[in-house]
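The values are calculated or read from the model by the stated rules, or taken from the named source; none is laboratory data. Model, not experiment: these values are computed from the prediction. Here the Cβ positions follow ideal geometry from the backbone for every residue, glycine too, while neighbour counts run over all protein chains shown. Surface accessibility is based on the protein's heavy atoms, side chains included, excluding ligands, DNA and RNA. Shrake-Rupley method; radii C 1.70, N 1.55, O 1.52, S 1.80 Å.
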Amino acid sequence: MSAAVLANMNARAVFLARHGLHDRPSGTGRGADLKSVLGDLGFVQLDSVNTFARAHDLILWSRRQQYRPKALEHLLHRDRQVFEHWTHDAAVIPIESFAHWRLRFARDERRMAERWKQWRRGDFTAKIDDVLRQISDHGCCTSGEVGTDESRGSGGWWDWHPSKTALEYLWRSGQVSVVRRDGFTKVYDLTERVIPAEHLNRRHHPQETIEWCCAGALDRLGFATSGELAAFWDHVTPAEAKAWCAAALADERIVEIDVEGVDGKLRRSFSWPDLMDAATATPAPRVRILSPFDPALRDRKRAERLFGFHYRIEIFVPAPKREYGYYVFPVMEGDRIIGRIDMKRDDGVLAVRAFWPEAGVRMGTGRMAALRKELERAAVFGGCSDLTFAKDWERSAH
């Protein structure tokens, strides 16, 4: 059956608009303005790698260049406008979404109880009440402050001692919450002490949460398969997302369209009925340095289909075998990925080591000037007093 075709150029424009990368970055990047960015994106992934800036901070800075990390700390720790939990990875999420996480809490609790006892070191379930009692009686704690009398493993997630495993279980099941981070170390407290009452006491039927997840994912993706809707929050099952799409299609709430990839191939997807009629101008021709975990690039397969951009993290690749570098940042101009850059904050200096343009990208004088300007802005954001370039960095860009 034929369907309307969304041309690749329009698909990229729609997708970037839904991800806050369509217009030039403006806004205060704090308070209500920052909260609106998080709401538009749905969540922002947290990551500990800090060669230049942590992933969540760079994601937010790419959209609000007045943003500084303290603004997110205030929303999370002081104002309780966001909370921290799990999507496909650790993330900060608008507090209004908390009640919908109860479905995940319940499912994760069952899954962990069934599986973790089989491969975690020691019986962590015997420590659950002890950990809860410790937090209740003595206040918030870190994973290093529970089970201090227990033997320690290697420190990897596969070898946590029983009390640390119990604490993680309590967090994943919603019984404790992250009250703040010290550095990048999570500090936990009882959920009723962390989450504001209006959100703590709200409940949704599971079917309401499935509707919220699928509709919310489609809002933010613009177009998607049922599998992509399920994967967005990693919250509902593929079968649930497939059933939602079938029902919504039958009710004419959504339609089927064919989305053109950069190679001209069509991919059948779902969208809201008005997507094809929405006039979406070409994204602003701004050069941006993005996090490898940016929401627009997190789905590597979608990024390759829409932009022709293949990316993989090479942190765990032995240095001699790396194609680019330990932690390389994608560079976008308008609706196109133009390259990737290796840079590092080192003793107050932003050191640029190399830049690799994508195939077919010509780094002329104007484009190089725009890239340098963005690097100057990045240096300010990173608190760097100077910006340096490797001797041959420009040669790698031609």
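Some points to look at:
- A dipole drawn for the chain from +1 and -1 charges on Cβ atoms has a positive end, and of 241, 227, 261 the residue lying farthest that way is 261.
- Label point distance in nm, residue 249-residue 353, each placed 7 Å from Cα along Cα→Cβ: 4.7
- Charge-dipole axis of the chain as Lys and Arg at +1 and Asp and Glu at -1 on Cβ define it, positive-most pick from 71, 190, 100: 71
- Electrostatic dipole magnitude of the chain [Cβ: Lys, Arg +1; Asp, Glu -1; Cα centre; debye, to 20]: 780
- Here the scattering of the stretch 189-239 is modelled by Debye summation over its C-alpha atoms, one equal scatterer each and no solvent; at q = 0.21, 0.24, 0.27 Å⁻¹ the log10 of I(q)/I(0) is -0.76, -0.84, -0.93.
- D_trans [Stokes-Einstein, Kirkwood Rh over alpha-carbon pairs] for the stretch 1-117, 37 °C, 0.692 mPa s, µm² s⁻¹: 203
- Accessible area in square angstrom per residue, the stretch 171-245, 1.4 angstrom probe: 41
- Mean separation of Cα contacts under 8 Å (6+ apart) over length of the stretch 2-72, as relative contact order %: 36
- Positive-end residue of 161, 319, 365, charge dipole of the chain with Cβ unit charges: 365
- For q = 0.15, 0.19 Å⁻¹, Debye-computed log10 I/I(0) when each Cα of the stretch 272-398 counts as one equal scatterer: -0.76, -1.17
- Remark: the stretch 321-398 carries 50 Å² of accessible area per residue (probe radius 1.4 Å; ligands, DNA and RNA excluded).
- Average projected area [Cα convex hull, the stretch 9-52], square nanometres: 4.4
- With contacts taken as Cα pairs under 8 Å and at least 6 residues apart, the chain reaches a relative contact order of 17 percent.
- Probe 1.4 Å, accessible area per residue of the stretch 1-65, Å²: 36
- In order through the stretch 164-177: 3J(HN,Hα) via Karplus (6.51 cos²θ - 1.76 cosθ + 1.60), integer Hz, x for Gly, Pro: 5, 4, 4, 5, 5, 4, 5, 5, 5, 8, x, 7, 10, 9
- On the beta carbon distance between residue 40 and residue 132, with R0 = 30 Å, the FRET formula returns roughly 0.25.
- Placing dummy labels 7 Å off each Cα toward the beta-carbon, the span from residue 185 to residue 114 is 3.5 nm.
- Distance between the stretch 50-95 and the stretch 378-394 - C-alpha centres, whole angstrom: 24
- Check: the stretch 164-267 dipole with +1 on Lys, Arg Cβ and -1 on Asp, Glu Cβ, in debye: 600
- For the chain, the mean projected area of the C-alpha convex hull, equal to one quarter of the hull surface, is 21.8 nm².
- Derived value for the stretch 251-335: Kirkwood hydrodynamic radius 15.5 Å. Basis is the mean of 1/r over every pair of different alpha-carbon atoms.
- Take the Cα of residue 79, go 7 Å toward its beta carbon, and the backbone nitrogen atoms of the stretch 22-63 under 17 Å from that spot belong to 26-44, 57, 60-61, 63.
- Around the Cα centre of the stretch 1-92, unit charges on the Cβ atoms of Lys, Arg, Asp and Glu (plus for the first two, minus for the last two) sum to a dipole of about 260 debye.
- Between residue 385 and residue 258, the FRET efficiency from the beta-carbon distance, with R0 = 45 Å, is close to 0.30.
- Carbon/sulfur fraction of accessible area - the chain, other protein chains in place, 1.4 Å, %: 49
- Counting lysine pairs in the chain whose alpha carbons fall under 24 angstrom apart, excluding pairs fewer than 8 residues apart on the same chain, gives 19.
- Normalised contact order of the stretch 264-343, rounded percent, pairs of Cα under 8 Å and 6 or more residues apart: 31
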